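Here is the structure we will look at, set down as structure tokens.
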Amino acid sequence: MPELPEVEVVRRGLDAHVTGRRIAAVQVLHPRAIRRHLPGPEDFSGRLAGREVLAARRRGKYLWLDLDGSEAVLAHLGMSGQMLVQPEGAPDEKHLRVRVRFDDDGPELRFVDQRTFGGLATADQVLVDGELLPTPVAHIARDPMDPAFDLGAAVDAMRRRRTWVKRALLDQTLVSGVGNIYADESLWRTKLHWARPTEKLTRAQAGELLTAATEVMGEALLAGGTSFDALYVNVNGQSGYFDRALAVYGQEGRACRRCGGVIRRDPFMNRSAFSCPVCQPRPRSMRD
DNA sequence: CATACATCCTGACCGC
DNA sequence: TGCGGTCAGGATGTAT
């Protein structure tokens, strides 16, 4: 499940393999993959053909290629999206959705996505807080790896919310890049229960939580990202190894490495929240 | 305006 | 062997 570290691994791969190359032709094999590009597949392909890729950029879980001119190709990997750099002629992946060929006989870029939650679109760019961003990214908060990330502002924003702390942590308009895996890991590191009300968080606790999120995502990035299966891979199709370092996510029934408590899984927003019942006790306001 | 939630999708897995 | 149910879950559009 691509969150910030996984998307950053992909961004680096794109910067290394795609930046500086000129697009020759684009083939859309599944229209749903470009459903957010409202003018449709032919318009999408037409806008990309002949353009040079100037840079690969990212904010939170959004990824985009700056093109010559002012447009960008915006990508979101969703749950299962992959950006693969493959030699022309390599067998098509089962869930290949979009193929991008370049004018230099080098490898092609493929967007592969089993569940089609992700997708590509072109987007105009707009200046937001001194930064040029694709329009659909304008509302996304800076992520903790952004040099201009303001921890104090993020703490204030989080404490202004009136909800469970994990909901706030997952809200991409407060702080971006955190998904279900790193949310649970950050909460465990800070010994906070996922249902702790944000209004009862001290400034220090909110700061520790966001700092923990920054650290755990940094460690995951160093390990090449987290992967449980073949659904998340870098542009060369390789998986990361951070899943071996997870303390609570996916660890139901195993012993907490800090206190020996039995990790539990709770239903949370039609998904799961993993926590240690001993070091992350439920808030009193939420009886069993 | 803020918060909550149903919805999109495919495949792995499990119990019967 | 197959079949139905469950789960994985990011972001959006809609409802409250």
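Here are the numbers for this structure:
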quantity: Whole-Hz couplings from phi, Karplus 6.51/-1.76/1.60, listed for region A:184-190; x for Gly and Pro; calculated: 5, 5, 5, 5, 5, 4, 9
quantity: Net charge, A:Asp129 excluded, C-beta distance under 14 Å - Lys, Arg +1, Asp, Glu -1; calculated: -2
quantity: Helix A:151-160 vs. chain A, principal-axis angle (Cα, 0 to 90°, nearest 10); calculated: 70 degrees
quantity: Net length gained if the chain between A:Met269 and A:Lys94 were fully extended (0.36 nm per residue, minus Cα distance); calculated: 59.9 nm
quantity: Trypsin sites (Lys or Arg not before Pro) restricted to DSSP loop in region A:125-161 with at most 15 other C-beta within 10 Å; calculated: none
quantity: In sequence order, calculated HN-Hα J values of region A:109-126 (Karplus, 6.51, -1.76, 1.60; Hz; x Gly/Pro); calculated: 9, 10, 9, 10, 7, 4, 9, 6, 7, x, x, 10, 6, 8, 8, 6, 10, 9
quantity: Rel. contact order, % - alpha carbon contacts under 8 angstrom, at least six apart, chain A; calculated: 18 percent
quantity: Amide H partners (placed H, <5 Å) of A:Gly177, local residues excluded; calculated: A:Lys61
quantity: Region A:187-203 and region A:138-185: distance between their alpha carbon centers, rounded to Å; calculated: 13 Å
quantity: Straight-distance crosslink candidates among aspartates and glutamates, where the alpha carbon sits under 17 Å from A:Lys200 and sequence neighbours closer than 8 are dropped; calculated: A:Asp156, A:Glu208
quantity: 28 Å Cα-Cα reach of A:Lys94 towards lysines, excluding residues that sit fewer than 8 places from it in its own chain; calculated: A:Lys61
quantity: Sorted peptide list for A:56-63, A:74-81, criterion being average Cβ within 10 angstrom, highest first; calculated: A:56-63, A:74-81
quantity: J(HN,Hα) series, region A:174-180, from Karplus relation 6.51 cos²θ - 1.76 cosθ + 1.60, nearest Hz, glycine and proline x; calculated: 9, 8, 9, x, 8, x, 4
quantity: Dipole of chain A, positive direction: furthest Cα of A:Ala33, A:Leu120, A:Ala183, with charges on the beta-carbon; calculated: A:Ala183
quantity: Relative contact order of region A:4-137, pairs being alpha-carbon contacts under 8 Å that are 6 or more residues apart, as %; calculated: 28 percent
quantity: 0 to 90° range, to nearest 10: angle between helix A:4-17 axis and chain A longest Cα axis; calculated: 20 degrees
quantity: Reference-scaled alpha-carbon Rg (2.2 N^0.38 Å with N residues) for chain A; calculated: 1.06
quantity: DSSP-loop GluC sites (Glu not before Pro) across region A:26-99, with at most 11 other Cβ within 10 angstrom; calculated: A:Glu88
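No value in this document is a laboratory result; all are computed from the given coordinates. Remember, predicted model here, so these are calculated numbers, not experimental data. Because the Cβ atoms are built from the backbone with ideal geometry, glycine has one as well, and the counts that use them run over all protein chains shown.
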